[in-house]
Amino acid sequence: MVTSAHILLVGAGIVGCSTALHLARQGITDVLVVDQGPLPATGGSSSHAPGLVFQTNASETLSRLAADTVALYSSLEVDGRPCFHPVGGIEVATTPERWDDLHRKLGLATAWGIDAELLDPGEVRERIPAIDAGCVLGGLHVASDGIAKPVRAAEAMMREARRLGVRFEGGVEVTGFDLRDNRITAVRTTSGDVAAEIVLCCAGIWGPKIGRMAGVTIPVQPLAHQYAVTTPVLVASETEVSQPILRHQDHSMYFRQVHDRYGIGSYRHRVMPVSTDELSPTAASGTEAPPEGGGWKGMASVHPFTPADFAGPWREARRLLPVLRDAEIGEGMNGLFLFTADGMPVLGRSEVDNLWIAEAVWITHAGGVGRAMAQWLAGRTPDVDLRQADLRRFDDFARSPAYLAQRSAQSFREVYDIIHPQQPPERPRPLRTSPFHDRQRELGAVFLEANGWERPHWYGCNEPLLEGRDIAEPGPWAGRFWSPIVGAEHLALRERVAMVDMTPLARAEVAGPGAEALLDRLTTGRIDRPPGYVTYALMLTPEGGIRSDVTVARLGRDHFQVGCNGPRDIAWLRENTDADAQVRDITGGTCCIGLWGPRARDVLAPLADVDVSHEAFGLFRARRLHVGEVPVVALRLSYVGELGWELYTSADFGRRLWDLLAASGHGVFPAGRGAFNGLRIEKGYRAWGTDMWTEHTPAEAGLAFAVKPDKGPFVGREAFLRQGEPARRLRCLRVDDGTVLLGSEPVLADGVPVGFTTSAAYGHTLNASLAYAWLPTHTNTNLTIRYFDQPHPATVIDDPAFDPRMTRMRR
Ligand code: FAD
Ligand code: THG
């Protein structure tokens, strides 16, 4: 075996093979892929996965990675045999709630550019003759879904990569790393040491073990999942399969044809976690390509089948597909694969500089993920934004075994549940609470969760605000995790003044003689202004996409407070620092109240020890002051578009700050996240990650005003200057019939899908249902938004819809 490689991949499963192929296609061929098992059927999860590919997902990212994967596998073959059977996929509904949800899912598919249709029970039976049509209310059909042949696809990718110069070695186990200065210098294997500049861990369920060899925690959990193949019941067709794959989500099951049999998977069993330490290192199945109907014994990624766990699902299978009443369970397994806290993959660079991770990736997404990882390893920003799958989305607590155990079990149980986008996890809660938490509970706050934080969505104590107001009611879906009090808080904030708990907003302190230079280089704004100024700016990728939007408050010559969109931003700042600048995550040790509304100054002035008049404390200024006894950093800005301040203090003073403001009179009241969201949408303030991400340019997102190319060099400047007229734009839509949406709905122009909504809410001040949407630049007439498969006419309106001249903030 070679003793050095530019890039070494640990694992030749579907992820390793796909990444290697895409590296080679990019011209990067000094690549070595090692696997402890034999090639191409290594004995890992890819060797036994039945390969169902359902593309539609609530996450646009996952749907796109899946569509990329279908395109890739469809283009591959091994000795004339295909790697993908485009048999189509059908998800059936057996309950009215599921049938409703399939209407919503049709919208998701359309929004993400996947052709889909709803079928009545007779049409389902036409495609799957074995089904008891009397059991189902209908189905969602996606013609481009199908069955991947994971081992064959891996082999095809390996062959092409080899032809281009990549080396693959089977039967070689990675046993450790040599580390120096936070870098891996050599990879120790059972066939000798290999020097490598970049190491990618794509070791599937063994990933955590590889991570540990470098001192890195990879937050993934192997769980067993049952899959069985029946005895023969079908007339074997010419091709291996002809029937569409089938999901029966009300019972957490899926079905595929395996020649003359059915393969049946079930998530309807107890959670069966497996510790990585229990895994055997010798994967060897020995078989070149194991038959799909069984022969899994001996694979390290397979545990013995436990028939008792399959009893209920088997009964249900025979009810849905009566033909199975004549069959038996042929062979079954409890197969192992990875789950995560939020059901998304874990991708990106670890805290060891040259160790990268690509874990918890399904067969369904491995084609797209391999492509994205190859771009990333080559030093580019992946062209599919990976924010939802980025290893760095997790704060430290989310890497704890305790958190991972609870949340991965939950993701397992919920694999096929109907999940509302706002549905909070049940456990572990409460996890992170602001110092205002006790007060909020006393006030009847209804909490949802974000990144571990308890966030009030509305306050029961505000019920009286409803008096005399007529609050537009959303429908049953948008009306979940909602109360009319949300509308009342929204309106009252614009009339009076509210306290909004902004503690969960991630923030970093950047300090030291190099702080200004660091922020100047990473952001698009002019931050070379005197202490006391606040700048709204973007962080761009080198390719000119929006990495984030931030507020940079200069508190001293060498001291800045940066308001971020999450742990990824703080990691990015930290990654770019040198000895002259220190980046500290101060989110947890501090707290923040947004004091906003026309009477905010009436509340603050008598409590503050400085002049807070507009003349003395202007918009986008920062000052240290006292509110009563409490030392506060006050930033005069407002994400809701009103007069007011963000008031920061250390956690120990939080409760006192809350109590002083709450007791100040002037009609001050607490307002929740629900109102906050509607207010910011009315004001046209975008939310990074929801409205825009790295795939969008500042001009497309309507944020070019925040880029100051004349200030000198910064990351993304050259790309920004080259960007031409945008072909698509983030537009503000009014839903003409007042229907309240949730986001991720498809937008059609003259009946043809052209884009999708991002954020949506009712604008109670404007009395209009609003949504932001990505649309081709010149589309603005005859628009409809489909919500639960019903058309709702929509009109592009001026953005921002509320107070475009900023008169309310500037006074
Ligand atoms: P693997 O295929 O496990 O590859 C990792 C490789 O790393 C292994 O070959 C292993 O030998 C190697 N390795 C580990 N440690 C070392 C070491 N120290 N040195 C050298 N090599 C090492 N997904 C779908 O999309 N559709 C499905 O229908 C589907 N059904 C499934 C059904 C079952 C029963 C199971 C268990 C999983 C299913 N999955 C499905 C999930 C899918 O199988 C996995 O997510 C996917 O195969 C993971 O691929 P991978 O390349 O990351 O891991
Ligand atoms: N507060 C703080 N930091 C933050 C946010 C926040 N960082 C992340 C996220 N939220 C950033 N989002 C915004 C969006 C808009 C504005 C501020 C933060 C804003 N925009 C002015 C406008 O467009 O009218 C900027 C005008 C200007 O640049 O002159 O205020 O909520 N601390």
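The values are calculated or read from the model by the stated rules, or taken from the named source; none is laboratory data. Because the structure is predicted, anything quoted here is derived from the model rather than measured. Virtual Cβ from ideal backbone geometry, glycine too; neighbours counted across all protein chains shown. Please note that ligands, DNA and RNA were not included when accessible areas were found on the heavy atoms of the full protein model with its side chains. Shrake-Rupley method; radii C 1.70, N 1.55, O 1.52, S 1.80 Å.
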Using alpha-carbon positions, the gyration tensor of segment 700-811 gives root eigenvalues a ≥ b ≥ c; with a/c under 1.5 called rounded, otherwise prolate if a/b exceeds b/c, else oblate, the class is oblate
Quick note, segment 356-505: a/c under 1.5 would make it rounded; otherwise a/b > b/c is prolate and the rest oblate (a ≥ b ≥ c, C-alpha gyration tensor); here it is prolate
Accessible area in square angstrom per residue, the chain, 1.4 angstrom probe: 36
Along the chain, longest interval not containing exposed GluC sites (Glu not before Pro), exposed being DSSP loop plus at most 14 other Cβ atoms within 10 Å: 1-237
Just to be sure I understand the model, the point goes 7 Å from the Cα along the line to the Cβ. What's the resulting E160 to R441 distance in nm? 5.7
Taking square-rooted eigenvalues a ≥ b ≥ c of the alpha carbon gyration tensor, is segment 380-432 rounded, prolate or oblate, where a/c under 1.5 means rounded and, failing that, a/b exceeding b/c means prolate? oblate
What FRET efficiency comes out for the pair T95/A143, r = Cβ-Cβ distance, R0 = 25 Å, nearest 0.05? 0.50
Per-pair calculated FRET efficiency, R0 = 35 Å: R380 and Q582 via Cβ, rounded to 0.05: 0.75
Rg to Rh quotient for segment 416-570, alpha carbon positions, Kirkwood Rh: 1.06
How much FRET efficiency would the formula 1/(1 + (r/R0)^6) give for V274 and S613, where r is the Cβ-Cβ distance and R0 is 45 Å, rounded to 0.05? 0.10
Multiply the residue gap between T231 and D750 by 0.36 nm, knock off their C-alpha separation, and tell me the result in nm, one decimal place. 181.8 nm
Zone residues, segment 525-544, relative to E718, backbone N less than 13 Å from point 7 Å out along Cα-to-Cβ: 542-544
How large is the helix-only mean residue ellipticity at 222 nm for the chain, computed as the sum of -39500 (n - 2.57) over DSSP H runs with n ≥ 4, divided by its residue count, in deg cm²/dmol to the nearest 500? -7000 deg cm²/dmol
Would you kindly state how much longer the chain becomes between D736 and A663 on full extension, computed as 0.36 nm times their sequence separation minus their alpha carbon distance, in nm to one decimal? 22.2 nm
For segment 472-530 and segment 1-60, what is the separation of their Cα centres, given in Å? 41
Of the heavy-atom accessible surface of the chain (probe 1.4 angstrom), what whole percent is carbon and sulfur? 50
Please list, by residue number, everything in segment 569-585 whose backbone N is under 19 Å from a paramagnetic label point 7 Å out along Cα→Cβ of A517. 573-584
